[in-house]
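Peer 1: This structure is in structure tokens; I'll ask about it shortly.
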Amino acid sequence: MDYVVIGDNEKQNTLLYGDLLFTLSSETPDEVGIGAVYLGESDKYYLNSFCFGLHMTATNKVYSPYLAYLVSNSVFRKFIYPLAQGSTRFNLQKNDFMKKKFSLPTFENQKEIARTLNALSSKLETERKLLLNYQEQKQYLLGSMFI
């Protein structure tokens, strides 16, 4: 990350908690519209020209950690894929994206889904670390056997 110098006559869009970010352009249609949700609070970051953002105003209807999982799953990727236009460089048309509609579970269900997915992610990370430790232990024991 680099620092941004903002001139007196220049306007920059600051990221706020819960903002959705999407890539606008890529060399492959699979990478257009990759989404993320800004869940930070203390640092000040700015939106660059390679992506566009959506600010959620209905914070009582949309749970941002749920959206972070939603925009990164394969179902959402299939939803975005048809919007990728181009031949050598693919672009996402913001106007086409803004016309799309999708349904969300209730706020409480979003919270429960996000909690469950977060717990599963933590469990997977723990299992990955254990696997790495077992692999290192195996290498050590195999090396010790043939001294």
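Peer 1: Under the Karplus relation 6.51 cos²θ - 1.76 cosθ + 1.60, θ = phi - 60°, what is the ordered set of whole-Hz ³J(HN,Hα) values for segment 52-65, x standing for Gly and Pro?
Peer 2: 10, x, 10, 9, 7, 9, 8, 5, 8, 10, 10, 9, 4, x
Peer 1: Can you give the longest run of the chain that contains no GluC sites (Glu not before Pro) sitting in a DSSP loop with at most 10 other Cβ atoms inside 10 Å?
Peer 2: Within the chain, the longest run free of exposed GluC sites (Glu not before Pro) spans 42-147.
Peer 1: If you place +1 on the Cβ of every Lys and Arg, -1 on the Cβ of every Asp and Glu, and leave all else neutral, what size is the dipole of segment 1-104 about its Cα centre, to the nearest 20 Debye?
Peer 2: Dipole of segment 1-104, to the nearest 20 debye: 580 debye.
Peer 1: OK, next. Could you tell me the number of lysine pairs in the chain with C-alpha atoms less than 16 Å from each other, where the two lysines are 8 or more residues apart or belong to different chains?
Peer 2: 7
Peer 1: Another one. Work out the FRET efficiency for SER49 and THR126 from their Cβ-Cβ distance, taking R0 = 41 Å, and round it to the nearest 0.05.
Peer 2: Once the sixth-power term is evaluated, E becomes 0.60.
Peer 1: Would you mind counting up the charge near PHE79? Only other residues with Cβ under 14 Å from its Cβ, with Lys and Arg at +1 and Asp and Glu at -1.
Peer 2: Charge balance near PHE79 sits at +3.
Peer 1: I would also like to ask the following. Rounded, prolate or oblate, given the Cα gyration tensor of segment 105-146, with a/c below 1.5 counting as rounded?
Peer 2: Prolate is the answer for segment 105-146, as a/c is 1.5 or above and a/b outweighs b/c.
Peer 1: Let me ask something additional. Select from segment 108-147 those chymotrypsin sites (Phe, Trp or Tyr not before Pro) which occupy a DSSP coil region and have at most 16 other Cβ atoms within 10 Å, ordered by residue number.
Peer 2: Loop-located and lightly packed - PHE146.
Peer 1: Tally Lys and Arg at +1 and Asp and Glu at -1 over the other residues with C-beta under 12 Å from the C-beta of LYS129: what net charge comes out?
Peer 2: -1
Peer 1: Within segment 59-147, which trypsin sites (Lys or Arg not before Pro) sit in a loop by DSSP and count at most 12 neighbouring Cβ atoms inside 10 Å?
Peer 2: Passing both the DSSP loop test and the Cβ count: LYS61, ARG89, LYS100, LYS101.
Peer 1: Please give me, ordered by residue number, the chymotrypsin sites (Phe, Trp or Tyr not before Pro) of segment 49-83 that lie in loop per DSSP and have at most 12 other Cβ atoms within 10 Å.
Peer 2: Loop-located and lightly packed - PHE50.
Peer 1: What percentage of the solvent-accessible surface of the chain, computed with a 1.4 Å probe over protein heavy atoms, is contributed by carbon and sulfur atoms?
Peer 2: The value for the chain is 55 percent carbon and sulfur by accessible area.
Peer 1: How large is ³J(HN,Hα) for each residue in segment 113-120, as worked out from phi by the Karplus curve 6.51 cos²θ - 1.76 cosθ + 1.60 (θ = phi - 60°), to whole Hz, x for Gly and Pro?
Peer 2: Per-residue couplings from phi come out as 4, 4, 4, 5, 5, 5, 5, 5 Hz.
Peer 1: Does segment 1-60 classify as rounded, prolate or oblate by the C-alpha gyration tensor (a ≥ b ≥ c root eigenvalues; a/c under 1.5 gives rounded; else a/b over b/c gives prolate, otherwise oblate)?
Peer 2: Oblate.
Peer 1: Whole Å is fine, so just give me how far the alpha carbon centre of segment 107-130 lies from that of segment 2-70.
Peer 2: 23
Peer 1: OK, next. Using θ = phi - 60° and the Karplus relation 6.51 cos²θ - 1.76 cosθ + 1.60, list the HN-Hα couplings for segment 36-45 in order, rounded to whole Hz, with x at every Gly or Pro.
Peer 2: Coupling constants for segment 36-45: 8, 10, 7, 10, x, 9, 8, 7, 9, 10 Hz.
Peer 1: Based only on Cα atoms, what mean projected area does the convex hull of the chain have, in nm²?
Peer 2: Mean projected area for the chain: 14.4 nm², to one decimal.
The values are calculated or read from the model by the stated rules, or taken from the named source; none is laboratory data. These numbers come from a predicted model, not from an experiment. For neighbour counting, all protein chains shown are included, and Cβ atoms are generated from backbone atoms with ideal geometry for every residue, glycine included. Just the protein is used for accessible areas: all its heavy atoms, side chains included, with ligands, DNA and RNA removed. Shrake-Rupley method; radii C 1.70, N 1.55, O 1.52, S 1.80 Å.
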